[in-house]
1. Could you say which residue among ASN284, ASN260 is within 16 Å of ligand 2 (Cβ to nearest atom) and of a type in the set (S, T, N, Q)?
2. Are any residues in region 257-284 assigned to a helix (DSSP H, G or I), more than 18 Å from LEU328 (Cβ to Cβ) and either in contact with an Asp or Glu (Cβ under 9 Å, 6 or more places away or on another chain) or within 10 Å of ligand 1 (Cβ to nearest atom) (or both), and if so, which ones?
3. Only residues that are within 11 Å of ligand 1 (Cβ to nearest atom) and part of a loop (DSSP other than H, G, I, E, B): list them for region 143-189, please.
4. Can you tell which of LEU211, LEU240 is within 11 Å of ligand 1 (Cβ to nearest atom) and assigned by TED's automatic domain parsing to the domain that holds ASP255?
5. Output the number of the condition that VAL85 fails; it satisfies all remaining conditions of (1) away from ligand 1 (no atom under 12 Å from the Cβ); (2) under 30 Å from ALA60 (Cα atoms); (3) buried (at least 18 other Cβ atoms within 10 Å of the Cβ).
6. Please identify the pairs in which a residue from region 256-278 that is more than 21 Å from ARG88 (Cβ to Cβ) and more than 12 Å from ligand 3 (Cβ to nearest atom) has its Cβ atom under 7 Å from the Cβ atom of a residue that is of a type in the set (Asp, Glu) and not in a helix (DSSP H, G or I), counting only partners at least 6 apart or on another chain.
7. Considering region 208-242 alone, what residues qualify as being within 16 Å of ligand 2 (Cβ to nearest atom) and either farther than 18 Å from GLY270 by Cα or free of Cβ contacts under 8 Å to residues at least 40 places away in the same chain (or both)?
8. As an exercise: evaluate GLU71 against (1) farther than 15 Å from LEU174 by Cβ; (2) among the charged types (D, E, K, R); (3) at pLDDT 95 or above; (4) not in a helix (DSSP H, G or I) and give the number of the one condition it does not meet.
Amino acid sequence: GSTIGILGGGQLGRMLAIAAANMGYRVHSYAPDEEIPGGDVSAAVTRAGYDDLAALDAFAASVDVVTYEFENIDVAAVEHVAKIVPVRPGAAALRVSQDRVTEKEFVADLGGRPAPFRAVDSLSDLAVALSELGAPALLKTRRFGYDGKGQARIDNADDAAAAWAAIGERPAVLEGLVRFDAEFSVLLARGADGASVVYDCPKNEHASGVLALSTVPGGAPIAGQVAEATALARKVADKLDYVGLLTLEFFATDDGPVFNEMAPRVHNSGHWTIEGARVSQFENHIRAVCGLPLGDTSLTAPSVRMENLLGDAVHDWRSILADPRAHLHLYGKSQVKPGRKMGHVTRL
Ligand code: ATP
Ligand code: MG
Ligand code: MG
């Protein structure tokens, strides 16, 4: 009869809550959002800001352990909650992954290879960075970006001012544009005892900066790069004494795996594990957070394909439901916005 607190109320929280409920746990979701897809399937919901200390206190007092499903949660809120109840993964993982520069430096220190990058705090910094890295390059805000938001591509030095304006003149990082054969991710679950398991690496295809498709097995260019990428993910998890599911995104290149970014949480590229793996990323996250042994990550079918259902697309529900190998997931969001993640379909 334990209760798990989840900070963040999106579809990741929803799928975590469903996995937790299947295991007999109660879930209390906490999020400031108007719509809380995770709250729909939780036993309790608090709709309050991450700066509302009284609400955070009451939340922390009502649960046995806390986790989060969104990496842009105020670290101060997580640290506040952690004084009252264990938070897994800890605030350190959140702090590192909230800032693209900190994250790249952290991973590079462990032997990872990010794309060439420069921190940029002004338009003149950007000019210097561009002269050093050359174009094409990507300018990304250091903080709060997701689904390709807060990014501008620079094809030549004349684009610099427009790119700086486009990202809102905020602290940023300039990255060399990586020429990759494919993108893939490492999904690693680590328990409090330090034991870890990994899933087969999905090949990930994006459209306009948003994940569109994940396929397992990832295929040729990825297969040869999985060992190095997985070893790096293990180092990252060990260094952070990470408990839960951790995701690292990579580009498969001629020179091996190039680190893109990490997420201290379950990940869209792991949704295929609900039906495509013996124990899903969500269940393994809950198991880790609750101190239980981790589950088998092996595939339940020779190949698995997960397609995101994005806001403005028209979907033929009948044909999806008529496919015996298809599993339809809808997140119960009422507000449809272009590119918004409304659901996904997994085909075994
Ligand atoms: P997420 O929703 O995954 O958190 P995000 O907004 O943090 O997305 P990134 O993962 O940094 O964005 O970039 C989104 C996509 O843009 C990448 O998956 C990749 O397809 C492309 N991209 C990002 N950085 C680079 C790069 N340096 N070179 C080439 N392509 C890139
Ligand atoms: Mg990201
Ligand atoms: Mg990404």
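1. ASN260
2. SER269
3. Passing the criteria: ARG143, PHE144, GLY145, TYR146, ASP147, GLY148, LYS149, GLY150, LEU177, VAL178, ARG179, PHE180.
4. Testing whether each residue is within 11 Å of ligand 1 (Cβ to nearest atom) and assigned by TED's automatic domain parsing to the domain that holds ASP255 leaves just LEU211.
5. (3)
6. Listed pairs, sorted by first residue: ARG278/ASP296.
7. Within region 208-242, SER208, VAL236 meet the criteria.
8. (3)
The values are calculated or read from the model by the stated rules, or taken from the named source; none is laboratory data. Note that the coordinates shown come from a computational prediction; the quantities given were computed from them, not determined experimentally. Using ideal geometry, Cβ is built from the backbone for each residue, glycine included, and neighbour counts are taken over all protein chains shown.
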